[in-house]
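J.: The structure follows.
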Amino acid sequence: MDTSIAEPTSVAGATPIEACDVLVIGGGPAGATIAALLAQQGREVVLLEKDHHPRFHIGESLLPANVELFRKLGVYEQVDAIGMKKWGIEFVSLEHEHRSYVEFADAWDKSMPSAWQVRRSDLDEILFRNAAARGARTLEGCRVRDVQFDAEGANVEARLDDGATRRWRARFVVDASGRDTFLGNKLRSKQKNPDHNSTALFGHFRNARRLEGKREGNISICWFPHGWFWFIPLADGTTSVGAVCWPYYLKARDKPIKDYFFDTLAMCPELADRLKGAELVDDKVHATGNFSYGGTHCTGDRYLMLGDAFAFIDPMFSSGVYLAMHSAFDGAELVATALDRPAALARARADFESAMRKGPREYSWFIYRATNPTIRDMFMHPNNVARVKEALMSLLAGDIYGNTPMWWGLRRFKILYYVIAVLHPRRTWRGWRRHRNNIRDLGKLQGETVMEAQQ
């Protein structure tokens, strides 16, 4: 393998062109993971991040399947030090007097009983610094402006915070730009998901009442008429609370975003009770559009897209960080094939494309139906008949790429869902009609509402 790097070249008055094997756009979990793995292969890797770590990011709940990936990266102890142990999930429904609790230890594979809740600013910085420690050249405050591909690689242009321009000649480009979807926009491969559409309001609280004992770190998912809430306890004593709601609800906002958020919280009495006496950190409420999307493809001969740069799904089951990091491990193998064994690239690309679609597809079946009364009843009354609960918990733990024999259990779960739906036709029809109405496209008005909420 030839990893020699050419010296920067330039002409009089022009910005020098630096050379590298792989240039990675985005220093989040996907970008930092693949940069570390490729640098360990002995490749010259440049990792560019538009912001400066630590920087705020949502998506604080991890899956048990993440644990092994952290071990492989050598950062397990660092993540454990900042994390709040998460053993399972609490489900809360306005339609039920009881609360439902499930644990990851109930999954088919008993070797992944826990994960963590983390501040993403801390986690992302750990992964970014680890990439640098493994040999990647990292640069913060550097936003990529243009990428031009040719048969041998790509020319990349970026701009620093001070306005200076940097240029690279790369043999391969990895887009891990998250929801900026840099290459997806450039190549016009990004496609809006027609089956799901949501927005989110969220903030962080001090002194929120948590569950007791072992369940203190569990995520709580609470349904309400316009969507669902998350309640995520963090190790520093703060708690992340957010409402994922249908876009019409945010569009109907008629008061300041903070007041609207507290009115929304009041719709879930259990959640409102936990926040009595709690204080909103920095007096700040965030809003964002969780607009689900995918892409026509995620690879080319000289590029690939990872994690949210390729697809984004509703965060109900906390799959984002795991899917991003897993795609980075697979992506590192694809890059090695492209650079070292180009004759095998076509097959490798096909396999990678299939793997990238698997995660969003498996989670989306449940996400699309999560607010349906049938699926809500099944979550509120978990039953392990024919091992369907074990299969479901395996999915929620992130065990979707291994050899666990869970898939027949998930098929039985889906069959049971359809049987229950058929036995309650009026309820099923109302739920389906409500979902179709909720995901209607509000177009430009929706985007404007989110932008106003962020101001």
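J.: Can you tell me, using C-alpha contacts under 8 Å and at least 6 residues apart, the relative contact order of region 95-206 as a whole percent?
T.: Details: 74 pairs, mean separation 11.7, N = 112.
10 percent.
J.: For every helix of n ≥ 4 consecutive DSSP H residues, a contribution of -39,500 (n - 2.57) applies; sum these over the chain, divide by its total residues, and give [θ] at 222 nm rounded to the nearest 500 deg cm²/dmol.
T.: Numbers: 15 runs with 173 residues, N = 455.
Counting only the DSSP helices, I get -11500 deg cm²/dmol.
J.: Now for a different question. Quick check: the angle from helix 388-397's long axis to the longest principal axis of the chain, C-alpha only, nearest 10 degrees?
T.: 40 degrees
J.: Moving to a separate point now. How large is the convex hull of the C-alpha atoms of region 35-164 per residue, in Å³? Don't jump to the answer; show the numbers that get you there.
T.: Working: hull volume 25.1 nm³, N = 130.
In region 35-164, the Cα convex hull volume per residue is 193 Å³.
J.: OK, next. Once both axes come from the Cα atoms, what is the angle between helix 443-454 and the longest principal axis of the chain, in degrees from 0 to 90, rounded to 10?
T.: Its long axis makes an angle of about 90 degrees.
J.: Taking all pairs of distinct Cα atoms, average 1/r, flip it, and tell me the Kirkwood hydrodynamic radius of region 126-173 in Å to one decimal place. Let's see the in-between values first.
T.: On the way: mean 1/r = 0.0834 Å⁻¹.
The answer is 12.0 Å.
J.: Quote the FRET efficiency, to the nearest 0.05, computed for His52 versus Val419 with a Förster distance R0 of 56 Å and r equal to the Cβ-Cβ distance. Numbers along the way, then the final one.
T.: On the way: r = 53 Å, r/R0 = 0.95.
For His52 and Val419, the calculated efficiency is 0.60.
J.: Please report Rg over Rh for region 231-319, where both radii come from the alpha carbon positions and Rh follows the Kirkwood definition.
T.: Values: Rg = 17.2 Å, Rh = 15.9 Å.
Expressed as Rg/Rh, it is 1.08.
J.: What ranking do 214-223, 151-160 get when scored by the average of other Cβ atoms within 10 Å per residue, highest first?
T.: Values: 214-223: 20.1, 151-160: 16.3.
Highest mean packing first, the order is 214-223, 151-160.
J.: Now for a different question. Put +1 on the Cβ of every Lys and Arg and -1 on every Asp and Glu Cβ in the chain; which of Val102, Ile420, Ala309 then has its Cα farthest towards the positive end of the dipole?
T.: Ile420
J.: Taking the Cα centre as origin and putting +1 on Lys and Arg beta-carbons and -1 on Asp and Glu beta-carbons, what dipole magnitude results for region 315-381, to the nearest 20 debye? Let's see the in-between values first.
T.: Working: 8 positive and 7 negative charges, 40 e Å.
That gives region 315-381 a dipole magnitude of about 200 debye.
J.: May I pose another question? Looking at the chain, I'd like the Rg to Rh ratio, where Rg is from alpha-carbon atoms and Rh is Kirkwood's inverse mean 1/r.
T.: That ratio is 0.97, to two decimals.
J.: List the lysines whose Cα lies under 24 Å from the Cα of Lys258, skipping any in the same chain that are fewer than 8 positions away.
T.: Lys276, Lys284, Lys444
J.: Run the numbers for Glu216 and Ala266: contour at 0.36 nm per residue of separation, minus the present Cα-Cα distance, in nm.
T.: Values: separation 50, 0.36 × 50 = 18.00 nm, distance 2.20 nm.
Answer, rounded to one decimal: 15.8 nm.
J.: Can you tell me the order of 170-183, 395-408, 267-280, 25-38 when each peptide is scored by its average per-residue count of other Cβ atoms within 10 angstrom, highest first? Before the final figure, lay out each step's value.
T.: Working: 170-183: 23.9, 395-408: 19.0, 267-280: 15.4, 25-38: 30.3.
For the peptides 170-183, 395-408, 267-280, 25-38, the packing ranking is 25-38, 170-183, 395-408, 267-280.
J.: Please give the charge dipole size of the chain, origin at the Cα centre, charges +1 on K and R Cβ atoms and -1 on D and E Cβ atoms. Round to the nearest 20 debye. Display every interim value, and only then the final one.
T.: Values: 60 positive and 56 negative charges, 319 e Å.
The calculated dipole for the chain is roughly 1540 debye.
J.: When the expected Rg is taken as 2.2 N^0.38 Å, what fraction or multiple of it is the alpha-carbon Rg of region 257-396?
T.: Details: Rg = 20.2 Å, N = 140, 2.2 N^0.38 = 14.4 Å.
Scaled against compact globular proteins, the figure is 1.41.
J.: Just how large is the dipole of region 216-358 about the Cα centre, in debye to the nearest 20, putting +1 at every Lys and Arg Cβ and -1 at every Asp and Glu Cβ?
T.: That gives region 216-358 a dipole magnitude of about 440 debye.
J.: If you keep only loop residues by DSSP, which GluC sites (Glu not before Pro) in region 76-120 have at most 12 other Cβ atoms within 10 Å of their Cβ? Could you put the intermediate results ahead of the total?
T.: Working: sites: Glu77, Glu90, Glu95, Glu97, Glu103; in loops: Glu95, Glu97.
The qualifying sites are Glu95, Glu97.
Here, each number is a calculation from the coordinates, and none is a lab measurement. Computed from a predicted structure; not experimentally measured. Counting neighbours? That spans all protein chains shown, and the Cβs are built from the backbone with ideal geometry, glycine included.
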